[in-house]
Amino acid sequence: MKWIFSPILFTAAVFLMIFGFISFSKTKNKPVASPLRRVLFLSGTALTFLGAAFVAKDEMPAYLLYAVYLCLSDAVLISLTIYVKRYTGLYSRAGGDTKYFCFGALIDCIMLLADPITHWVFTLSPYYDKFGSFFYRISERHVLYWYHLVLVYVMAAAALSTLARKIVRSPKIYKMKYLCLLLTIAFILLIHAVCVRFDALADASLIFYPIAGAILLYFTVLYIPRGLMERLLFFTIANMKDGIICLDVDGKPVHANRNAHIFCSSENDPKAMEIQIERWFRENITTGTNNQSWSLTRRVDDINRYYDIEYKTIFDAQYKYLGCFFIIHDKTEEYAGISAEKYRANHDLLTGLYNKERFNEAAGTEILGNTDVTYYIVCTDVKNFKIVNDVFGTETGDRLLKRLAEIYGNFCTEDYIYGRLTGDRFAMCVRKDRFDGKALLDAISEITDFTGNNAFKIYVHIGVYEVTDPYLKISVMCDRANLAIKTVKDSYSNIIAYYDSKLREGYLNEQKVISLFEEALSKRQFCFFIQPQTQVNGRVLGGEALVRWIHPTDGMISPGSFVPVFEQAGLISRLDKYIWELACAQLRKWDQEGFGQNYLSVNISQKDFYVLDIYKIFTGLVKKYQINPKNLHLEITETAIMNDPRSQLPLIDKLRQFGFLVEIDDFGSGYSSLNTLKDFNADVLKIDMGFLSTKAENEAKSKTILRSVISLAKALNMEVITEGVETQEQVQFLTEFGCDVFQGYYFAKPMPAAEFEKTYLF
Ligand code: C2E
Ligand code: CA
Ligand code: CA
């Protein structure tokens, strides 16, 4: 008998060991790896000891071998409970009941190993078979054996309950793998229990150990729930945005997802998909290729939809053809995203026209692509657009720009490239021979009444640059067109100005003048000239302080060519302060030298009112130089005051109260209105002779006006000075009209202060 039992047990042990080694290479770092290996190796070892016990000839070794076998079976069960916990994922790091099992097994092992002496657990006795051979078998089980048995069953029950819990909680497709383990363990336990109950010669359950080991290994390492992959793939494919069609070896569709059906319109008609596939094979796929892709566009519900189609073949491991599949990728949304982004990058969001960058690019390509053609760059500017925004609100400003964009859109034929540069600036690029300036002015005229307010008309100024050098940057061409606009910036009408080289020189000169300002000021190149103001009899009462720039190489530069530039550039106030200071120093000097009755008038630029505290500066100067404010006349143009009368008129009053004499400069040169005389409380009215230098036929009329203006000024208690007096005739009629004081070349030109003193004072 033992010659049957032992070889079976040894063989089973060898199998278990082999499985143990297999698990080594397959499970590596998985958490189940080490408990699984322990189960396999320990049960292999246990069976080896039991096999050895069967062949033991003496009682003592047999006792010991049995005892070790039983100890090992404790260890196997502890490992099994741990394995099951890891396998099901229901284990906790703290160890849970494992430590109680270990403790129970420790007591069991001590008693088992003591059994050869104590015989408290079991008793062995030789069993003789009918061939006369014998082996030692457990003949009596004592109380402590039942302790061992209960311990083993409790541990097995723990493993089973863990599996049972997992089965209840798992989705259906996973139940299988836990159920198989549960049944395996339960089956072994059952056989074992039956053998114990009927006191069988040997525990038949042991034969099933290798089978159980194989099952454990299989489920741990190899098993993937049946259908899980299929299901996962199915759901993935079904929910993919792309359409997928799988074909078998014969080219018949075996699987297609919803989006593929929608694409082929084959939801209700499987034939439609086959027709589509057939067409692809015919038109797009080169026979013999394994991968191919192409794009196509379709019109669906009145919009274009864009697709990428991909074709791929499938082979098995032996490179045998299994079938193929198509992926239909709808890229319409991506396309829309990309083109929206492209649109945003190239267009002005408010008006929808090209933005500056795109305009420059397109115009540049056009001009450089046709260097034999002459082009115009046309820029437009809305006069006083800032005021539209300030007075009517930015919303109206925006509406105005949109309307302008519409007008340009309607006006510009396909010969034009046009866009919005910034703010109220628009630009066009067009062949010279296709540009119709008059038509553009006509188109624009509609905007004039945009505000609906008669007092605030909208005027558009247009600058045109004829492209003489096609290699210039477009932005420079636009600058030149804008420069042309500057020449008409004061115009109250829709108007076109053309750029010419004189304009450019003027512009360059301006830039030069600005760049030289600092140096000129610090090197005292700005000199102080005085033009005498005289009574009709030639008696000099004082003079106007006029600046001259004495440049070391260019010589004397007259203010007409730099004062407006400095005004534009925001530099004038620094120059004015400098001149005022010189004028005050001059008055102080005259005072000290006994010519205290002479006055000087200084010019105050319009810009000064915005950036300087005029009152503080002049009162400060009076104190500093200890002069009589009566001798300092302040020349202020009416526009400087009437642009912001509410804050400037009180300032004028304050200056006069302090004792300064205020003059209205250049009266008659700009938009003089008689209203000004009513509101602007000045001491002196300074009439510009430019008034008279107009056309001869108007001379009589002008004289009449001059006469009335002078008498009106007199009536308002103002003194009248006329400047620009060049002839005796002028002096005559002006005197007749009532003018008191004259300034002009007829009497004297502006001269350096020292010359003035020498000629008129000393
Ligand atoms: P304005 O204030 O109207 O000065 C009078 C201008 O008329 C002076 O030109 C003067 O030389 C010129 N003039 C005087 N009599 C006659 C004449 O009989 N015939 C002609 N054709 N012209 C005459 P100027 O000195 O060239 O000054 C031009 C303008 O520059 C001034 O006009 C004034 O607006 C500005 N300006 C001059 N100096 C200063 C200054 O220190 N500060 C500021 N802000 N502006 C100044
Ligand atoms: Ca003046
Ligand atoms: Ca003047």
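The values are calculated or read from the model by the stated rules, or taken from the named source; none is laboratory data. Computed from a predicted structure; not experimentally measured. Cβ atoms come from the backbone with ideal geometry, glycine included; neighbour counts cover every protein chain shown.
Between Gln592, Gln597, Gln626, Gln568, which is more than 26 Å from Ile530 (Cβ to Cβ) and free of Cβ contacts under 8 Å to residues at least 60 places away in the same chain? Checking each option against the conditions leaves just Gln568. Residues of segment 246-273 being on the phi < 0 side of the Ramachandran plot, touching a residue at least 24 places away in the same chain (Cβ under 8 Å) and of a type outside the set (S, T, N, Q), which ones? Selection gives Cys246, Leu247, Asp248, Val249, Pro253, Val254, Ala260, Phe263, Met273. If you go through segment 535-565 and keep only what is without any contact (Cβ under 8 Å) to a residue 40 or more places away in the chain, within 11 Å of ligand 1 (Cβ to nearest atom) and farther than 23 Å from Ala754 by Cβ, you end up with Gly560, Pro564. Tally time: how many residues in segment 14-69 are closer than 28 Å to Trp120 by Cβ and in a helix (DSSP H, G or I)? The total comes to 24.
Do we find that Thr374 is surrounded by fewer than 16 Cβ atoms within 10 Å (Cβ to Cβ) and either within 20 Å of Leu472 (Cα to Cα) or touching a Phe, Trp or Tyr at 6+ places or on another chain (Cβ under 7 Å) (or both) in this structure?
Yes; evaluated as a whole, the condition is true for this residue.
The residues of segment 109-129 that are surrounded by 17 or more Cβ atoms within 10 Å (Cβ to Cβ) and out of contact with any Cys (no Cβ under 9 Å at 6 or more places or on another chain), listed by number, are Met111, Asp115, Pro116, Val121, Phe122, Leu124.
Here Phe219 meets each of (1) within 27 Å of Lys312 (Cα to Cα); (2) in contact with a Cys (Cβ under 9 Å, 6 or more places away or on another chain); (3) not aliphatic (A, V, I, L, M) with one exception, condition (1). Looking across Asp390, Asp372, one residue alone is assigned to a loop (DSSP other than H, G, I, E, B) and over 22 Å from the mean Cα position of the chain (by Cα). It is Asp372.
Here Leu181, Leu189 are screened, and the one residue that is in the same structural domain as Tyr63 (by TED's automatic domain parsing), closer than 24 Å to Gly96 by Cβ and surrounded by fewer than 19 Cβ atoms within 10 Å (Cβ to Cβ) is Leu189. Just to be sure I understand the filter: pairs with C-beta atoms under 6 Å, separated by 6 or more residues or on different chains, first member in segment 632-645 and in contact (Cβ under 8 Å) with a residue 40 or more places away in the chain, second member assigned to a helix (DSSP H, G or I) and away from ligand 2 (no atom under 14 Å from the Cβ). Which pairs pass? Correct list of pairs: Glu638/Thr676.
Go over the candidates Gln586, Gln597, Gln606, Gln568 one by one and state the one that is in a loop (DSSP other than H, G, I, E, B) and within 14 Å of ligand 1 (Cβ to nearest atom).
Working: Gln586 fails: in a loop (DSSP other than H, G, I, E, B); Gln597 fails: within 14 Å of ligand 1 (Cβ to nearest atom); Gln568 fails: in a loop (DSSP other than H, G, I, E, B).
Exactly one residue qualifies, and that residue is Gln606.
From the list Thr722, Thr676, the one residue that fits, being touching an Asp or Glu at 6+ places or on another chain (Cβ under 7 Å) and among the hydroxyl-bearing types (Ser, Thr, Tyr), is Thr676. Taken across segment 530-537, residues that are assigned to a loop (DSSP other than H, G, I, E, B), closer than 29 Å to Val720 by Cβ and of a type in the set (Val, Ile, Thr) do occur, with at least one present.
When segment 138-157 is examined, which residues are found to be β-branched (Val, Ile, Thr) and either assigned to a strand (DSSP E or B) or not assigned by TED's automatic domain parsing to the domain that holds Ala53 (or both)?
Within segment 138-157, just Ile138 meets the criteria.
Yes/no matrix, rows are residues, columns are (1) within 16 Å of ligand 2 (Cβ to nearest atom); (2) assigned by TED's automatic domain parsing to the domain that holds Lys714; (3) within 49 Å of the chain's Cα centre (by Cα); (4) within 28 Å of Val540 (Cα to Cα):
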position	(1), (2), (3), (4)
Ile604	yes, yes, yes, yes
Lys607	yes, yes, yes, no
Leu634	yes, yes, no, yes
Glu638	yes, yes, no, yes
Gly659	no, yes, no, yes
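Criterion first (surrounded by 12 or more Cβ atoms within 10 Å (Cβ to Cβ), outside the structural domain of Lys177 (by TED's automatic domain parsing) and not in a strand (DSSP E or B)) does Glu274 satisfy it? Write out each step before concluding.
Values: surrounded by 12 or more Cβ atoms within 10 Å (Cβ to Cβ): yes; outside the structural domain of Lys177 (by TED's automatic domain parsing): yes; not in a strand (DSSP E or B): yes.
In short, yes.
Going by the conditions given, is Ile485 buried (at least 18 other Cβ atoms within 10 Å of the Cβ), of a type outside the set (Asp, Glu), at pLDDT 90 or above and assigned to a helix (DSSP H, G or I)? Step through it out loud before you land on a result.
Numbers: buried (at least 18 other Cβ atoms within 10 Å of the Cβ): yes; of a type outside the set (Asp, Glu): yes; at pLDDT 90 or above: yes; assigned to a helix (DSSP H, G or I): yes.
In short, yes.
Screening Met428 on (1) assigned to a helix (DSSP H, G or I); (2) buried (at least 22 other Cβ atoms within 10 Å of the Cβ) shows it passes everything except condition (1).
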